[in-house]
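Down below is the structure, laid out as structure tokens.
A short reminder: the numbers here are calculations on the coordinates, not readings from a lab. Source: prediction; values computed, not measured. When we count neighbours, we look across all protein chains shown, and the Cβ atoms used for this are built from the backbone with ideal geometry, even at glycine.
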Amino acid sequence: MVSMMERLRLTHPFHFVIGLTLWCIWFVAVYGGHAVACEAAAPASEQGVFTLLSGGLLLVSVLTIALLAALALWCCQAAKQHQGRRRFNAAISAGLYLFSALGVVFVALPIIGVPPCL
Amino acid sequence: MRERNSYTILSNIQRVSSRRVNLIALIAVIVIAGFTAGCSGDKSILDPAGQAARDVTLIWWIMLSFSAVVLIVVTVLWLYAFKPREVTRTAAQERGIARRWIIGGGIVLPVASITALLAFGVPAGQRMLPLGEPAEVIEVIGHQWWFEVRYPNAEGGEVVTANHLVMPVGEPVDFNVSGADVIHGFWIPRLGGKIDMIPGRVNRIRLEADIPAVFGAQCAELCGVGHAHMHLHVESLPREEYDAWLGARQDEQLSALATADADQEEVRDAFRTHCASCHQVAGVSSGNIGPDLSDIGSRATLGAGVMVMEEGAVSQWLKHHQTLKPGNRMPSHGDMDTDTLDALGAWLETLSP
Amino acid sequence: MSTDSTNTVNQAAAKQDPQQLHDDLHEIWGNPKGLKALTIVNHTTLGLRFMVTGMVFFLIGGILAMLVRTQLAMPDQDFMSPDIYNQVTTMHGTVMMFLFAIPMLEGLAIYMIPKMIGARDLVCPRLTSLGYWCYLFGGIILTSSLILEMAPSSGWFMYTPLSSSEFSPDLGSDFWLLGITFVEISALSAGVEIVVSILRTRTQGMALHKMPLFAWYILAMALMIVVGFPPLILGSILLELERAVGMPFFEVAGGGDPILWQHLFWLFGHPEVYIIFLPAAGIISTLIPVFAGRPIVGYGWVVFAIIVTGFISFGLWVHHMFTVGIPQLAQAFFSAASMLVAVPTAIQVFVWLATLWLGKPKMKLPMLWVMGFLIIFVCGGLTGVMLALVPFNWQVHDTHFVVAHMHYVLVGGMFFPLIAGLYYWLPLFSGRMPSENLGRWGFWLTFLGFNGTFLIMHWTGLLGMPRRIYTYDTGMGWDIYNLLSSVSSFVMSAGIAMVLLDIALHFRFGKPAKQNPWNADTLEWANSMPPSAYNFVSLPKVETRHPLWDDPNLPYTMAEGKHSLAVASHGRREMWGTDPITGKVREIIHLPGNSWWPLFAALALAVVCISLLVRVYALAGIFVLIAGVFLLRWSWENGTHPKAAPEAAVTPGDPPLHSRTMDGPGVWAMAIFLIANGSFFLSYLFGWFYLWTVSPEWRMPDISPLSLSLLVAAGLAVSAGCGVMEKLIRGLRHKSDVGLGAGLYLVGGLGAVQVVFTGWALYGANLSPTETSHDAVMLFGLIYALFHGGLAVILTVLQGLRVGYGYVGAYAPFEPVVVAQLWRYNVVTFWVLVGALAVLPRVIGS
């Protein structure tokens, strides 16, 4: 239990992998969910991008972005409070959370422009 | 249309021996031929004849210019870094310089580039999608190692042919492609991108030809020993010629053509004995393992692009097809006498509506 | 324990005679000669064996490449028949990827990592040896197919249905599938132990943020191997089952889907590119600061870039499949993700640039190769971004443009850095310096030949030449470009021959190198040159990222035994076990000595591989059991076994032996192995859901054939077993081993109950796995559960026996912790499996 609590601290290198793991999970969820939805109940192509499916994908993306951005901010604050190893760890984690958040933004952009299931 | 070689055995032998006689002369010829061909081979992506291909070519030239600049700048900066120089900087100055390099070159440069690229690229991809008004539909099915081409919407009934695809000029055509055995690749480079022909699935791609012309096409996915010999002859015709072309290939016309000459009954019997279980000729046989031969005389090539169709070509093909196209699925005809093969070849060449 | 106490030990050690200490350590660590050389487990020797074997396979792959270029030099050549040509191209790709690139870089990591992090060996030496033998035997089996003219011919990515038994009835595909799977055992075992070694055996004080960058790169590579290879192993097993037994996983008519193979292959195949690139970039990041004479600028940026690359590379696999007809939006996701990977790559390029800019770089021979790397790799990266653009990809996919791009990335991104690294570390391997002259000739010929071959090939592709055609017509405008490519490829091979000649000659004629000849900062240059079997007489405490710059005398004081662990009287192979984050010393790791078991196990597996190939399944079954016995015997010689560490006495003040703690490296190795196993399991689940939703002819029975009650009973048994196991571990944690033996037998019994119930459910389901892919996938999942259940039973019962022998108990509580992790894994995967195979179909229906 002690080690679990330790890992949750923002200066633990465990956070090196959490951000991008979340990115991967988001990616697989959106790609997989999209594929299954298109297979099961594809919205008509005339609807363009204004479909329930696109909206759902967008919502998941926005929530993920918010979570990652918040973590990036917290890590950034943690980095300022420490020195040496802890500062290094928190700063790297902050960068990785930020990159993951922007990665979600960037990869999710086509949801706005491209109709699903074509 | 450019000159195409005819691949008879004779010319093969000649080419090999001349190579031995004077390699340098040959290289010189190839150099000249190569450069004059430039970027206008009939499979060249850089010589587009349709909107989709033109978009891609434009994107390519833009990307090439941009990439060349990036590559040159990065290389010059690296080489310049090796120049000895006497500068003393404080640690803070060094950190500042490093940060500028890393953020400028490592983040701003790639993010700006890929954003610009996606901004151009995604709309270009959108234009290639089979959206909107219904278009002419042509089905292409890849077999080891030939293309079956079907026109399901032809007026008067479906038209089936092989290795020879005719499409109307100036209107979008939807190609519904599939694979009969393994995965093949459907690709007409001068018209646009490629799409895989997968067993059990139908993939759709929309292409449009701007000019009446002949385009080269070739299977793009490794499909076995015949992969290099799996070509598709693509011809775009004005609408009325296209309709006429389809009209001439209705079942009754083709049957009449095949059975017109009563003197050829003996040859038709030979065909029924040796060929009919695999090949269809309307009015004569209905095999469906190999290509439909009902209009073979009118096709530009033989053996899915292995030989140019000319007088005597079919008989040459029947005799030497395993040399011309190693491993193809048609059994060797070594057990048949040459007269029968010649007669079959001559008769098949008459099947030209 | 504290650092103060270890310092007192240091002073005690310093009083010893250095030569005596060296002789004693050599007695313990030294390599045997003659036949017994086959038992060597030492990382220096095995790393060299990996690299030399890799070079041999590189030459084989290179000759195949020359054959290809000869065939394509002119139109209508009949130098090779199409069948032979397909075999040659397939084997060229396969040999270069699986038998050269990965093992070569792993060999370099195996050789270099312990030396760089101040350890004496890798953490599982016998696993290194097993990995080498599996690599060697698998490679020989695979390449023998060329001599037999039975080589695989469906291309190195083996797309089905072309590679299926219907369209490739000869043994070629079997050679590929079995041989590659065999070789991948080697890649995985090296991956697992490298991860654990980097995390747990760095020398005292080497905190995570003080690690050499090369170790960061290798850590990422090894973790990527651990996660990335299992999908291909699964795919290979499924395809081999389809070929041998007729289970229709990829066959449309039976409810399978050939696209599933492509997903599994590229789930591995794309990370693979970065698995090859990351260590090579690690070489660059090591060399540039040394030759610029200053620390790398932006260490943190590079760590950031490594982590980002490692993850993002798993989100790109579909960009190899843009033409299979997946929805446009999904393509856009992968297109964007593919471009995203340009960011970390660009960061590294500009970090290197800034380091050179702010340093005083010298253009020594290794730097020449770094220069060549930069130009070629940036060019390959730029075409990579182009290929990520979907419409452009549709045009040039499967043309020679892609062939050119791929060689720019792989040769530029792997081969050039590798040669740079070989030249750089040559003095370490041999104690001699390379010649500048011959080496420069070699570089320029290779560089010009490479660009002549592949720069032109982009153009050939744009002119519409598809890949993998054995011949082409004249008149396409391709002739001259192909000829130029072929001529240049021979120039390139002349350059490579010159490099190899240079390296071979230097062993005889090279000038003797002085200690730390390039004035580098990392610990591998504190070795003697060539290194001794134990690397270091004493292990230093590291304060910064640049130990040799801080203290240039460090190599000498280390050799004099003035640092830690300079003790040999106990006869054990020892090194530090440190905290993965802070680098504080936690325990002494004692390593096993030379052993026949890895060789025997690999030989047994080779017999399995060959008998599967010739389809003598009974023999294969027997040798699977024999290999299992060998591996279990190997695991028996651990901990307090007389052949391991029966005595636990350590110098006063030193930490305990790892086998007397509860968190030794074995626990970590098991955890990393279970990550690999989890990746395999997730790939399997992906396959199940993929076929269920996408496969065109998928048939699902209306009523699930699996008995839910039997499966739940089995699940309860495995959960109960795991619960008892946890209780025993808690006892051990409180130094109590009361009822440990009986408890372990009880756990084993519960595992047996799980196996019986699962087997019963399988028997009752009456599956027909050769008829439908549904039944085939279900059968595979249940066999997976049975195998893991059985394995847990065997390992637990063996632990019970070891308690009886006195090898395990409160004083040596280590091993049950290792086994307990397998139980936790089994509980989770079993319930997930029940949910996916038996519950979901009932809920959703077909």
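Expressed as a whole percent, the proportion of Cα-Cα pairs in the protein assembly as shown lying more than 62 Å apart is 14%.
Just to be sure I understand the curve: with the Debye formula and one point per C-alpha of region C:428-478, what is log10 I(q)/I(0) at q = 0.13, 0.15 Å⁻¹? For region C:428-478, the Cα-only Debye profile gives -0.54, -0.61. With neighbours defined as other Cβ atoms within 10 Å of a residue's Cβ, the residues B:78, C:823 order from fewest to most as B:78, C:823. Taking other C-beta atoms within 10 Å as the exposure proxy, A:16, C:780 rank C:780, A:16 from fewest upward.
Put a plus charge on the Cβ of each Lys and Arg, a minus charge on the Cβ of each Asp and Glu, and nothing anywhere else: the dipole of chain B about its Cα centre is then about 3000 debye. A straight Cα-to-Cα reach below 17 Å connects residue C:36 with the aspartates and glutamates C:27, residues fewer than 8 places away in its own chain not being considered. Ordering C:764, B:353, C:789 by Cα displacement along the dipole of the protein assembly as shown toward the positive end leaves C:789 in first place; charges were set at the Cβ atoms of Lys, Arg (+1) and Asp, Glu (-1). Rounded if a/c is under 1.5, else prolate if a/b is larger than b/c, else oblate: which is region C:168-227, with a ≥ b ≥ c the root eigenvalues of its Cα gyration tensor? Taking the square roots of the gyration eigenvalues as a ≥ b ≥ c, region C:168-227 is prolate. Working note: Karplus 6.51/-1.76/1.60 with θ = phi - 60° gives region B:181-197 the couplings 10, 10, 7, 10, x, 9, 7, 10, x, 6, 9, x, x, 10, 9, 6, 9 Hz, where Gly and Pro are set to x. Annotation for region C:405-484 versus region B:149-164: alpha-carbon center distance of 47 Å. Checking the a/c ratio against 1.5 first, then a/b against b/c, what shape does the Cα gyration tensor give for chain C? Because a/c hits 1.5 or more and a/b fails to exceed b/c, chain C counts as oblate. Near residue C:175: Cβ cut-off under 12 Å, other residues only, Lys/Arg at +1 and Asp/Glu at -1. The net charge is -3. The separation of region C:180-195 from region C:724-786, counted between C-alpha centres, amounts to 26 Å. Ordering B:207, C:232, B:172 by the projection of their Cα atoms onto the charge dipole of the protein assembly as shown, which places +1 on the Cβ of Lys and Arg and -1 on the Cβ of Asp and Glu, puts C:232 at the extreme positive end. Residue A:80: which aspartates and glutamates have alpha carbons under 20 Å from its alpha carbon, excluding same-chain residues fewer than 8 sequence positions away? Hits, sequence-local ones excluded: A:6. Taking the Cα centre of chain C as origin and assigning +1 to Lys and Arg Cβ atoms and -1 to Asp and Glu Cβ atoms, the resulting dipole is close to 2020 debye.
Counting only DSSP beta bridges whose two residues both lie in the protein assembly as shown, roughly 70 percent are antiparallel. Distance between the 7 Å Cα→Cβ label points at residue C:649 and residue A:59: 7.1 nm. For residue C:586, the amide hydrogen comes within under 5 Å of the amide hydrogens of C:577, C:578, C:579, counting only partners 5 or more places away or on other chains and with H modelled in the peptide plane.
Would you look at the GNM of chain A, springs on alpha carbons closer than 10 Å, and say which of A:11, A:64, A:21 moves the most? Among A:11, A:64, A:21, the largest mean-square fluctuation in the Gaussian network model of chain A belongs to A:21. Put the Cα centre of region C:99-144 next to the Cα centre of region B:74-133 and the gap is 37 Å.
Taking other residues whose beta carbon is less than 14 angstrom from the beta carbon of residue B:98, and scoring Lys, Arg as +1 and Asp, Glu as -1, yields +4. Helix A:15-41 and the longest principal axis of the C-alpha atoms of chain A enclose an angle of approximately 10°. Among B:175, B:66, B:147, the largest mean-square fluctuation in a Gaussian network model of chain B, built with springs joining Cα atoms closer than 10 Å, belongs to B:66. Close amide H pairs (under 5 Å, H built 1.01 Å from N) link residue B:235 with B:165, B:166, B:167, B:215, residues at least 5 positions away or on another chain. Provide the per-residue ³J(HN,Hα) series for region A:58-71, in order, calculated from phi with Karplus coefficients 6.51, -1.76, 1.60 and θ = phi - 60°, each as a whole number of Hz, with x at glycine and proline positions. Result, rounded to whole Hz: 5, 4, 4, 5, 5, 4, 4, 4, 4, 4, 5, 5, 4, 4. How much FRET efficiency would the formula 1/(1 + (r/R0)^6) give for residue B:259 and residue C:771, where r is the Cβ-Cβ distance and R0 is 45 Å, rounded to 0.05? The pair residue B:259/residue C:771 has a calculated efficiency of 0.50.
Could you work out the relative contact order of region C:33-105? I mean the mean sequence separation of Cα pairs under 8 Å and 6+ apart, divided by the number of residues, in percent.
Rounded, it is 45 percent for region C:33-105.
Straight-line cross-link partners of residue C:514 among the lysines, defined as a Cα under 25 Å from its Cα and at least 8 positions apart when in the same chain: C:115, C:360, C:362, C:364, C:541, C:562. What you get for the protein assembly as shown, charging only the Cβ of Lys and Arg (+1) and of Asp and Glu (-1), is a dipole of about 6980 debye around the Cα centre.
Evaluating 6.51 cos²θ - 1.76 cosθ + 1.60 at θ = phi - 60° for every residue in region C:328-337, the Karplus couplings come out as 4, 5, 4, 4, 5, 4, 6, 4, 5, 5 Hz, glycine and proline recorded as x.
Only helical runs count toward this figure. For chain C, summing -39,500 (n - 2.57) over DSSP H runs of n ≥ 4 and dividing by all residues gives -22500 deg cm²/dmol at 222 nm. Here's how it looks for residue C:566: its modeled amide H is under 5 Å from those of C:539, which are all 5 or more places away or on a different chain.
Shown for chain A: cysteine residues without a partner Cβ closer than 4.7 Å, namely A:24, A:75, A:76. Projecting the Cα atoms of B:324, C:264, C:480 onto the charge dipole of the protein assembly as shown (Cβ charges, centred on the Cα centre) puts C:264 farthest toward the positive pole.
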